[in-house]
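Asks: Okay, handing you the structure first.
What follows draws every value from the coordinates through simple rules; no lab data is involved. Being a predicted model, the structure only gives us computed values, none of them experimental. Here Cβ is always computed from backbone atoms with ideal geometry, including for glycine, and neighbour counts include all displayed protein chains.
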Amino acid sequence: MTISARDKARVELLSRGMADWVHLGEIHYQVEQDNPDFTVEQTQHATLETIRSLVRDGLFEVGDISGPNGRFATWDTPLEDSVECISATYIGQFADETAWIWRFWLSITDKGRHAAAGNP
């Protein structure tokens with residue numbers, strides 16, 4: 001059975017999520033590695049879709065590290081609003097990596113830990 005680039009990215013990000021929060025730069029990098037023929041725009045679109053699917057499937061929560069002592073803080077916004085916020089900076093300020101790489105984060109959920117452990 002062949003695994004799709006999207007599924008490969010999801011598996012890798014779940015694995016990374018078991019160790020720590022996952023920042024947008026890691027997600028972008030993984031999508032880029034799994035799709036070497038993509039243009040920047042295609043990579044950005046696939047990155048946002050990856051975030052959308054991971055959060056929609058309950059495997060991760062989206063947020064930032066604005067919590068006490070730099071801890072992860074989950075956003076209390078609808079998924080599409082969160083993706084729109086990420087997109088505005090990620091695409092709008094893409095040339096300035098410092099504006100987006102460490103600004104947006106994902107935190108694995110219990111469901112994500114279960115999936116990362118190989119349990120359906």
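Asks: Pick from GLY70, GLY17, GLY92 the residue whose mean-square fluctuation is largest in a GNM of the chain, springs joining Cα atoms under 10 Å.
Replies: Its mean-square fluctuation being the largest, the pick is GLY70.
Asks: Search the structure for amide H atoms under 5 Å from the amide H of PHE60, placed 1.01 Å from N in the peptide plane, and list their residues when 5 or more places away or on another chain.
Replies: Those lying under 5 Å, H to H, from PHE60 are VAL55, THR109.
Asks: A further question follows. Counting other beta carbons within 10 Å of each residue's own, what order do ARG71, ARG16, ARG10, ARG113 fall into, fewest first?
Replies: Final ranking by Cβ density, sparse to dense: ARG71, ARG113, ARG16, ARG10.
Asks: Testing the spin-label approximation: label points 7 Å from Cα along Cα→Cβ at ALA117 and GLU49. State their distance in nm.
Replies: 3.1 nm
Asks: Figure the gain on full extension for ASP20 and ALA73 (residue separation times 0.36 nm, minus the Cα-Cα span) and round it to one decimal in nm.
Replies: 17.7 nm
Asks: Hey, another quick one. Using θ = phi - 60° and the Karplus relation 6.51 cos²θ - 1.76 cosθ + 1.60, list the HN-Hα couplings for region 77-93 in order, rounded to whole Hz, with x at every Gly or Pro.
Replies: After applying 6.51 cos²θ - 1.76 cosθ + 1.60, I find 10, x, 3, 5, 5, 5, 5, 5, 5, 4, 4, 4, 7, 4, 8, x, 10 Hz.
Asks: Please give the length that would be gained between SER66 and GLN93 if that part of the chain were fully extended, namely 0.36 nm times their separation in residues minus their C-alpha to C-alpha distance (nm, one decimal).
Replies: Going from the current span to full extension adds 7.7 nm.
Asks: Taking 8 Å as the Cα distance limit and 6 or more residues as the minimum spacing, I'd like the relative contact order of the chain as a percentage.
Replies: Reported relative contact order: 35 percent.
Asks: Also: Short version: ³J(HN,Hα) in whole Hz for each residue of region 56-73, in order, from phi by Karplus 6.51 cos²θ - 1.76 cosθ + 1.60 (θ = phi - 60°), x for Gly and Pro, what are they?
Replies: My calculation for region 56-73 gives 4, 7, x, 8, 9, 10, 9, x, 8, 10, 9, x, x, 6, x, 7, 5, 10 Hz in order.
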